Amino acid sequence: MTSFRPERMSHFNAVEKGVEAQIPALRRFARRLVGSSEDVDDLVQETLTRALNAAPQFQPGTALKSWLFTIMRNTFCTSYRVRQREHVGMEDGMIAKLSVAPPQDWAVRRNEMQSALERLPPRVREPLVLIAMGTSYDETARICNCEVGTVKSRVNRARKALSEELGDISMQ
């Protein structure tokens, strides 16, 4: 049986407070990765659970936000791979496609943009979303576990794909 160590509890409390402060950023990132609000809640909850379980592994002095985004990205990628193997019933988002979009141009364009984003492969969508949220290229590279040049290339490809699909007006 392990003994109670106050320094471990202090470290956990510090991580817990830091994680709590990052929940709004995690929700924004999750919203870009998944479509429905239920899926956003599930992804954030799973990320928080994994982060708190791994709190002793967090190194003080490193970027907590990057650590959390990496956990979320890995969680999303794992569930994405599982979903790709499971094709039971209607495709994800099919009900949303069956509903009638509102007549306002801005709402229609937003829905088109969201759909176009969801169709992008995760490896180019994730860097684009991170950069759009204001994450630096260096931090995005750390989160995506690749070089800065690779991030820039992926973001450029994602922007180009969106521009081609939506027309130049959406990218201005």
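The values are calculated or read from the model by the stated rules, or taken from the named source; none is laboratory data. Quick caveat: nothing in here was measured; it's all calculated off a predicted structure. Here the Cβ is made from the backbone with ideal geometry for all residues, glycine too, and neighbour counts use every protein chain on show. Side chains included, ligands, DNA and RNA excluded: accessible areas come from the protein's heavy atoms. Shrake-Rupley method; radii C 1.70, N 1.55, O 1.52, S 1.80 Å.
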Looking at region 99-115, can you tell me whether even one residue there is acidic (D, E), at pLDDT 90 or above, within 18 Å of V34 (Cβ to Cβ) and outside any loop (DSSP other than H, G, I, E, B)? no
Take the residues of region 19-72 that are hydroxyl-bearing (S, T, Y) and open to solvent by 50 Å² or more (accessible area, probe 1.4 Å): which is modelled with the lowest pLDDT? S37
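Condition check ((1) touching a residue at least 12 places away in the same chain (Cβ under 8 Å); (2) in contact with a strand residue (DSSP E or B) (Cβ under 8 Å, 6 or more places away or on another chain); (3) farther than 22 Å from N13 by Cβ; (4) in a helix (DSSP H, G or I)) across all residues:
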| residue | (1), (2), (3), (4) |
| --- | --- |
| V40 | yes, no, yes, yes |
| T47 | yes, no, no, yes |
| L52 | yes, no, no, yes |
| T62 | no, no, no, no |
| F69 | yes, no, no, yes |
| N74 | no, no, yes, yes |
| V82 | no, no, yes, yes |
Counting only residues that are in contact with a helix residue (DSSP H, G or I) (Cβ under 7 Å, 6 or more places away or on another chain) and open to solvent by 40 Å² or more (accessible area, probe 1.4 Å), which one in region 124-139 is modelled with the lowest pLDDT? M133
Listed residues R159, R142; which is modelled with pLDDT of 90 or more, assigned to a helix (DSSP H, G or I) and more than 22 Å from L26 (Cβ to Cβ)? R159
So which of E7, E16 is loosely packed, with under 11 Cβ neighbours inside 10 Å and at pLDDT below 90? E7
Residue check, A96 against (1) within 28 Å of L48 (Cβ to Cβ); (2) modelled with pLDDT of 75 or more, all met but one. Which one? (2)
